[in-house]
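Only one structure is covered here, and it is reproduced in the block below.
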Amino acid sequence: MTFTSRAPRPAAAGAALSLAVAVALLAPTSPAYAAANAVPTYEVKINLTAAALDSAHAPSSAVKAAFGITGSAKARSYSYYDTDGLALDAQGWSVRLRHKSGSSFEETYKKRFPVTNGDLDAALTAANAAGFDSGDTNYEAEVDWGYAKQTLSFSTEKSHSASGYSGTAMPTSTTGRTWLVNDIPGKLEDWGSADWGKTTLQASRAHGPVTAKVYGGAWGPSDDASIEVLPVVGAGGTGTEYVVELSFKTDSYADAAELHEDAIALAETNGWLHHGDILKTQLILDRY
C-alpha cells in the first residue's frame with residue numbers, strides 16, 4: 001500500500017490556526033446579555049410596633065423627633081389587583097392602583113426578584129436574563145431592604161385621570177381593572193406566554209382598598225424619610241390592626257446599609273422595633 005505524503009503547511013498558517021483554536025477554547029460559553037445589569041436605588045423599610053403610635057394612631061412625638069419626621073399626615077388609598085388564587089403574585093408580579101389626595105391615579109406594575117443571602121449581583125443577573133437590564137428605561141430598579149429580607153423589584157408607572165373622584169376615593173373593582181388592563185405593559189402582558197398577563201389581569205379583582213396616612217421628613221443620609229400608618233382588617237376578618245412602616249430612600253448602597261443599621265438600633269433601644277418583615281402587598285392580598 002502506498003501512502004501519499006502531504007505537503008507541509010506554511011509555518012504562518014499553522015500558527016494562525018493554533019491561535020484561532022486557542023481563542024475558541026477560551027471563549028465564554030455562557031450567553032452574553034444585550035445590556036449590563038441594572039443599577040438600583042434603595043428603600044430601607046423597618047416595621048415598628050404599636051408602641052410607636054399615640055392614642056390617635058399617629059406616630060408619637062418621640063418617634064417623629066427620633067427619625068426626623070416633620071410633615072403632617074397625607075392620605076393615600078390603594079388596592080392590589082390579582083385573581084382569587086393570586087396568579088400574578090405567584091409569578092412575582094404585583095399590580096397596584098393608588099390615589100393620593102389631589103393627584104391622578106397611579107397605576108404601578110412591579111416584578112420582584114428575591115435576593116438570597118444578600119447576593120444582589122445574582123438577583124440583578126437573574127433579572128437581566130428575564131429582560132430587566134440597564135437598557136430598559138421604562139422600569140426603575142429598586143432594592144427593598146427590610147429587617148431581615150431584601151427584594152429586588154422593577155416597576156413601571158402610568159397614570160389615569162382622577163376627574164370625578166374627590167380626595168382619595170377609589171373606583172369600583174371593575175373600573176379599576178379596566179384601566180389597568182388597558183395600560184398593561186408589554187413585559188407583563190406576554191409574561192411566560194402570549195397574552196398570559198393580560199388574560200390573568202382580566203380575571204383579577206381589587207384586593208382592598210385600604211387608606212394609609214403618611215408622614216414625611218429627612219433623617220441621616222436620606223432626605224426622603226417617611227412613616228406610613230396603615231389600618232388593615234384583622235386576620236380573622238374583624239377588628240383593625242395597624243401596620244407601621246418606617247422607610248428611607250437613597251441612591252447609595254453604603255447609605256442604605258447605614259440607615260438600616262442605625263434605624264434598627266434606635267428603634268430597638270426605644271422599644272419600637274418589630275422583629276420581622278411585614279410585607280404589605282402580601283397582607284392586603286391575603287386579607288381583602
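The values are calculated or read from the model by the stated rules, or taken from the named source; none is laboratory data. Keep in mind that what you see is a predicted model, and the values were worked out from it rather than measured. Positions of Cβ are backbone-derived with ideal geometry, glycine not excepted, and every protein chain shown enters the neighbour counts. To get the accessible areas, we keep the full protein, side chains included, count just its heavy atoms, and leave off ligands, DNA and RNA. Shrake-Rupley method; radii C 1.70, N 1.55, O 1.52, S 1.80 Å.
Considering only region 148-167, state which residues are free of Cβ contacts under 8 Å to residues at least 60 places away in the same chain, closer than 30 Å to Glu261 by Cα and either within 8 Å of the chain's Cα centre (by Cα) or in a loop (DSSP other than H, G, I, E, B) (or both).
Thr151, Ser153, Ser155
Can you confirm whether Pro171 is open to solvent by less than 70 Å² (accessible area, probe 1.4 Å) and either at pLDDT 95 or above or assigned to a helix (DSSP H, G or I) (or both)?
yes
In the set Gly271, Gly239, which member is open to solvent by 30 Å² or more (accessible area, probe 1.4 Å), in contact with a helix residue (DSSP H, G or I) (Cβ under 6 Å, 6 or more places away or on another chain) and within 23 Å of Ala58 (Cβ to Cβ)?
Result of the check over Gly271, Gly239: Gly271.
Run down Trp93, Trp145 and say which single residue is farther than 23 Å from Leu246 by Cα and touching a residue at least 40 places away in the same chain (Cβ under 8 Å).
Trp93
Which of (1) farther than 20 Å from Pro40 by Cβ; (2) touching a strand residue (DSSP E or B) at 6+ places or on another chain (Cβ under 8 Å); (3) outside any strand (DSSP E or B); (4) modelled with pLDDT of 95 or more does Ala123 not meet, given it meets every other one?
Unmet condition: (1).
What is the residue count in region 54-85 for residues that are in a helix (DSSP H, G or I), free of Cβ contacts under 8 Å to residues at least 40 places away in the same chain and not hydrophobic (A, V, I, L, M, F, W, C)?
The number of residues fulfilling the criteria is 1.
Looking at the structure I just gave you, is Glu241 touching a Pro at 6+ places or on another chain (Cβ under 8 Å), under 15 Å from Phe67 (Cβ atoms) and either among the hydrophobic types (A, V, I, L, M, F, W, C) or modelled with pLDDT of 95 or more (or both)?
Answer is no for this residue.
Here is a yes/no grid of residues against (1) at pLDDT below 95; (2) farther than 29 Å from Asn182 by Cβ; (3) in contact with a His (Cβ under 8 Å, 6 or more places away or on another chain):
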{"site": "Thr49", "(1), (2), (3)": "no, yes, yes"}
{"site": "Ala56", "(1), (2), (3)": "no, yes, no"}
{"site": "Gly68", "(1), (2), (3)": "no, yes, no"}
{"site": "Ala87", "(1), (2), (3)": "no, no, no"}
{"site": "Lys111", "(1), (2), (3)": "no, no, no"}
{"site": "Val115", "(1), (2), (3)": "no, yes, no"}
{"site": "Gly131", "(1), (2), (3)": "no, no, no"}
